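Following: one structure in C-alpha coordinates, then a few remarks.
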Amino acid sequence: WTIAGGGLFPSLSDFVTDITVTFLEGAMPMLTEIYLKLQVSKGDAAKHVGLGNLLQLNSVTIDRECRGATRREVKEAEVAVRRMVDGHPNCPRIHINKEEEV
(Lines give C-alpha, C1' and ligand atoms only; values in the text may rest on other atoms or scores of the structure.)
Protein backbone atom coordinates (compact mmCIF):
# COMPACT_ATOMS: atom_id res chain seq x y z
CA TRP A 1 0.00 0.00 0.00
CA THR A 2 1.14 3.54 -0.73
CA ILE A 3 0.06 6.37 1.53
CA ALA A 4 0.24 9.62 -0.40
CA GLY A 5 0.40 13.18 0.85
CA GLY A 6 -2.10 15.80 -0.09
CA GLY A 7 -3.95 16.13 3.19
CA LEU A 8 -4.76 12.51 3.99
CA PHE A 9 -4.82 11.85 7.74
CA PRO A 10 -3.66 15.39 8.65
CA SER A 11 -4.08 14.93 12.44
CA LEU A 12 -3.13 11.28 12.92
CA SER A 13 -0.33 10.94 15.49
CA ASP A 14 -0.07 7.13 15.96
CA PHE A 15 -0.15 4.47 13.23
CA VAL A 16 -0.16 0.67 13.61
CA THR A 17 -0.11 -1.74 10.68
CA ASP A 18 0.81 -5.27 9.75
CA ILE A 19 0.72 -4.67 5.99
CA THR A 20 3.55 -3.41 3.80
CA VAL A 21 3.26 0.35 3.34
CA THR A 22 5.21 3.12 1.68
CA PHE A 23 4.82 6.71 2.87
CA LEU A 24 5.13 9.43 0.24
CA GLU A 25 6.12 13.05 0.88
CA GLY A 26 3.41 14.87 2.82
CA ALA A 27 1.76 11.70 4.13
CA MET A 28 0.49 11.85 7.71
CA PRO A 29 2.21 15.15 8.59
CA MET A 30 1.55 14.92 12.36
CA LEU A 31 2.55 11.26 12.81
CA THR A 32 4.90 10.92 15.80
CA GLU A 33 4.71 7.16 16.53
CA ILE A 34 4.62 4.21 14.18
CA TYR A 35 4.36 0.47 14.78
CA LEU A 36 5.13 -1.80 11.82
CA LYS A 37 5.10 -5.56 11.46
CA LEU A 38 7.55 -6.63 8.75
CA GLN A 39 7.92 -10.08 7.23
CA VAL A 40 11.60 -10.88 6.72
CA SER A 41 12.11 -12.75 3.47
CA LYS A 42 14.38 -12.75 0.46
CA GLY A 43 14.62 -9.27 -1.06
CA ASP A 44 12.73 -7.51 1.75
CA ALA A 45 15.80 -6.39 3.70
CA ALA A 46 16.36 -3.24 1.68
CA LYS A 47 12.68 -2.31 1.37
CA HIS A 48 12.15 1.44 1.59
CA VAL A 49 8.98 2.42 3.44
CA GLY A 50 9.52 6.17 3.31
CA LEU A 51 10.02 6.89 7.02
CA GLY A 52 12.00 9.97 6.01
CA ASN A 53 8.76 11.45 4.71
CA LEU A 54 7.22 11.36 8.21
CA LEU A 55 8.88 14.51 9.48
CA GLN A 56 7.42 14.55 13.02
CA LEU A 57 8.26 10.90 13.74
CA ASN A 58 9.91 10.35 17.13
CA SER A 59 9.25 6.67 17.88
CA VAL A 60 9.46 3.57 15.68
CA THR A 61 8.56 0.06 16.83
CA ILE A 62 9.06 -2.83 14.44
CA ASP A 63 8.06 -6.47 14.88
CA ARG A 64 10.10 -8.73 12.63
CA GLU A 65 8.44 -11.95 11.57
CA CYS A 66 11.43 -14.19 10.78
CA ARG A 67 9.75 -17.51 10.02
CA GLY A 68 11.37 -19.12 6.98
CA ALA A 69 14.16 -16.52 6.68
CA THR A 70 17.84 -17.35 6.87
CA ARG A 71 20.03 -15.86 9.59
CA ARG A 72 21.64 -13.66 6.94
CA GLU A 73 18.25 -12.33 5.77
CA VAL A 74 17.30 -11.56 9.36
CA LYS A 75 20.55 -9.66 9.94
CA GLU A 76 20.21 -7.76 6.64
CA ALA A 77 16.64 -6.80 7.52
CA GLU A 78 17.72 -5.43 10.90
CA VAL A 79 20.53 -3.41 9.31
CA ALA A 80 18.12 -2.02 6.69
CA VAL A 81 15.58 -1.04 9.35
CA ARG A 82 18.22 0.68 11.47
CA ARG A 83 19.46 2.59 8.39
CA MET A 84 15.92 3.79 7.68
CA VAL A 85 15.59 5.12 11.21
CA ASP A 86 19.18 6.40 11.58
CA GLY A 87 18.77 8.38 8.35
CA HIS A 88 15.62 10.10 9.59
CA PRO A 89 16.08 13.86 10.17
CA ASN A 90 14.23 13.73 13.53
CA CYS A 91 16.37 10.86 14.98
CA PRO A 92 13.41 8.82 16.32
CA ARG A 93 13.80 6.13 19.01
CA ILE A 94 13.71 2.61 17.61
CA HIS A 95 12.66 -0.65 19.18
CA ILE A 96 12.88 -3.91 17.21
CA ASN A 97 10.99 -6.98 18.39
CA LYS A 98 11.89 -10.39 17.00
CA GLU A 99 8.69 -12.36 16.47
CA GLU A 100 10.40 -15.64 15.64
CA GLU A 101 14.08 -16.42 15.22
CA VAL A 102 15.48 -18.78 12.61
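Here the Gaussian network model covers the chain, with springs between Cα atoms less than 10 Å apart; of Ala77, Ala69, Ala27, Ala69 fluctuates the most. Taking the Cα centroid of the range 55-79 and of the range 14-39, what is the distance between the two, rounded to the nearest whole Å? Using only Cα atoms, the two centres lie 14 Å from each other.
Here's how it looks for Asp63: its modeled amide H is under 5 Å from those of Leu36, Lys37, Leu38, Asn97, which are all 5 or more places away or on a different chain. For Leu12, the residues 5 or more places off, or on other chains, whose built amide H falls under 5 Å of its own are Met30.
Accessible surface computed residue by residue for the chain, with neighbouring protein chains in place and a 1.4 Å probe, gives 59 Å² per residue.
Considering only Val60, Thr22, Val40, and ranking their Cα positions along the charge dipole of the chain that arises from unit charges at the beta-carbon of Lys, Arg, Asp and Glu, the one farthest toward the positive end is Val40.
Dipole check for the chain: with +1 at the C-beta of Lys and Arg, -1 at the C-beta of Asp and Glu, and the Cα centre as origin, the magnitude is about 300 Debye.
Comparing Arg64, Arg82, Arg72 in a Gaussian network model of the chain (Cα springs below 10 Å), the most mobile by mean-square fluctuation is Arg72.
Taking amide hydrogens as placed 1.01 Å from N in the peptide plane, the amide H of Thr22 sits under 5 Å from those of Thr2, Ile3, each at least 5 positions away in sequence or on another chain. For the range 30-40, the Karplus equation 6.51 cos²θ - 1.76 cosθ + 1.60, evaluated at θ = phi - 60°, returns couplings of 9, 5, 10, 10, 9, 10, 10, 10, 10, 7, 8 Hz by residue, with Gly and Pro reported as x. To put it simply, the accessible area of the chain at a 1.4 Å probe is 52 percent carbon and sulfur. Relative intensity of the chain on a log10 scale, I(q)/I(0) at q = 0.14, 0.15 Å⁻¹, equals -0.50, -0.57, per a Debye sum over C-alpha point scatterers of equal strength in the absence of solvent. When the chain is treated as a GNM with alpha-carbon contacts under 10 Å, the residue of Leu51, Leu12, Leu36 showing the greatest mean-square fluctuation is Leu12.
The values are calculated or read from the model by the stated rules, or taken from the named source; none is laboratory data. From a predicted model like this one, the values you see are computed outputs, not experimental measurements. Don't worry about glycine lacking a Cβ; one is built from the backbone with ideal geometry, like all the others, and counts go over all protein chains shown. Note: accessible area is taken over every heavy atom of the protein model, side chains too, but ligands, DNA and RNA are not part of it. Shrake-Rupley method; radii C 1.70, N 1.55, O 1.52, S 1.80 Å.
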